[in-house]
Amino acid sequence: MRLSEITPAKGTRFTRSRLAVQEDSQPRLLVHEEAWARPLKPQETPPHRKRLWKYGLSAGLVVLLVAATIGAVALGRLMVTHADAQLNMDCTLIVPNHPLSAAGLATPFQLVATDPNQGPCNESNPDQAAFVEGAVLDSATGQIAVYDPLVIDKGTKPAVPPVVPQLPANAVVALWFGFNGNNLTLQGENSQTLAQANCINGLGNSIFGQYSYCNAPEFFAVANALIGAGKLKPPALGMAKDGMTCPTVRDFSVVDQDQSDNVTTAYLVTPDGRIAQNTPANVKALPKAQPQDNGSDNGLLVGPLDTALGCTPWKAPDLATDGKQMLTALPLNELQAAMFQQNPVALVPLGDPMTLLNGKEDLAKTNLYRIGVDQVPATNQDQASTKTYCQNLLNIAPARLKLDMPLTLAVPSPDPAAANNLFTFLAQRFVATFDQNLACTTLLNVADPVTIQQDANGVTIGATIGGAGTGDQGGAPDCVVNGTKLPGCNGTATINGQTCTFAFDAANKQVTVTCK
């Protein structure tokens, strides 16, 4: 039996040797800076994203520690290893001429170290990998297609040459970039390349960090006009398993300190470090190649979170497969969020580490970031207030974390080095955002309602969520394991092949679960 099959009644808390369920409690979550958020070095860019979520608590605190016996399943990651003592986390991506044309899209973008003295940059290294995501909008029909240009190391060749996409006559093309390191600088093949493609890497010499874009504002302007004309219709969000509307990338239950950054692109990496587009044909041609993806907020939503909640992300045809494969993409996420996200809507705040200028909030840089992801620019500081952003996080995230804990506990962690399941991953992500990266505890003068527990390796294995009580319900809670109810949380059940004994402690209002 998997932990995924355990539905805790009321609040739940796991420890390495036991699992305790406390009555009238609600768990909460935390954030970590890894696959879905990589911290930036001190530069003109932000520290990186961390992913977390919270679970609301009642009249008390619940400590959730996931036992080693309830291990998370690791997601496939890169296979080529690098033994660099000090990895260079600042890389440059050379953008080919005319990158918005069919030929330009099919020309590999080249990765190279920004400062060679700091060591090389290798696309096959998951901690240095850069990603490009393209969207093609037919302005006549309103159809959107996706094409992910390839990134390779400078001076190398791809494992398989990229497919040249067939673009419609009225195509409006845009690109978005993601990076698993700290700072990715765009460099044109010649001095005019970036300007001609309307590429934005940041404000002046202050780059965003992991994120950048080319021609995004024009793409969104045309797309929104087509939506207004009824030619482009983003799909409705649907209902999640928790009974709530499926979240978007602008939902305060989903966002972190630097929302809407990075992309959902994935490549194939061969054992010898060559790169190819992630298409069914290439998977067949390169049987030993492994997928490598970009740790992103958008990827977190359309991947593990949608899986946990039973939601379906919006996808579009992949032009690298003549439309035979459907892909998610950042612009699809943003268009859908712009149409359906209810208030309060999460928009990039001034305190977003990626939009800081010399360590200070800057409205111009924040707005430059916003227009690249189809967000309304702020006309003043109040419209991008970090304090307001923090208050909305506090008001919304913990409650849904609590609600969704039975669902997110059952899903593997996006980053096993950060947390042992999706629930604890979201928790540590919240903590990193609320405590550190946005300094919400200072801005709001409140304590973080979420605390996390980590093992000796720094992996988050549990979380505690504090919050307003709902009152004593009286009596013992019931536990449900693999669909079988244990009245009063007393009895035995099998978890991961181990026999576990459940015992309700009325004095302390908690359930102790001991597995042998």
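Values in this text are rule-based calculations from the coordinates and carry no lab data. None of the values given here were measured: they were computed from a predicted structure. All Cβ positions, even for glycine, are placed from backbone atoms using ideal geometry, and neighbour counts span all protein chains on display.
Some observations on this one:
- Projected label distance in nm at Q143 and Q86, using a 7 Å step from Cα toward the beta-carbon: 5.3 nm
- Student exercise, region 292-375 dipole from Lys, Arg, Asp, Glu Cβ charges, in Debye to nearest 20: 80 debye
- Relative contact order of region 100-163, pairs being alpha-carbon contacts under 8 Å that are 6 or more residues apart, as %: 39 percent
- Amide H contacts of Q257 (H built 1.01 Å from N, in plane; Pro and chain starts excluded): K50 sit under 5 Å, all sequence-distant by 5 or more or on other chains.
- When each of the peptides 225-234, 445-454 is scored by how many other beta carbons lie within 10 Å of its residues on average, the order from highest to lowest is 445-454, 225-234.
- Links that overshoot a 25 Å alpha carbon limit, given the list K157/K288; K360/K387; K154/K315: K154/K315
- In region 333-477, taking the dipole from charged Cβ atoms about the Cα centre, the farthest positive-side position among L438, L335, T424 is held by L335.
- Highest-first arrangement of 110-122, 188-200, 171-183, 144-156, where packing means the average Cβ count within 10 Å: 171-183, 144-156, 110-122, 188-200
- With the simple model of a label 7 Å out from the Cα in the direction of the Cβ, N358 to H98 spans 4.2 nm.
- Distance between modelled label sites at I227 and A447, nm, 7 Å Cα→Cβ extension: 4.1 nm
- Amide H to amide H distances under 5 Å link A113 with T92, C121, where only residues 5 or more positions off or on other chains count and H is placed in the peptide plane.
- For the pair Q192 and T484, the difference between a 0.36 nm per residue extended length and the Cα-Cα distance amounts to 98.6 nm.
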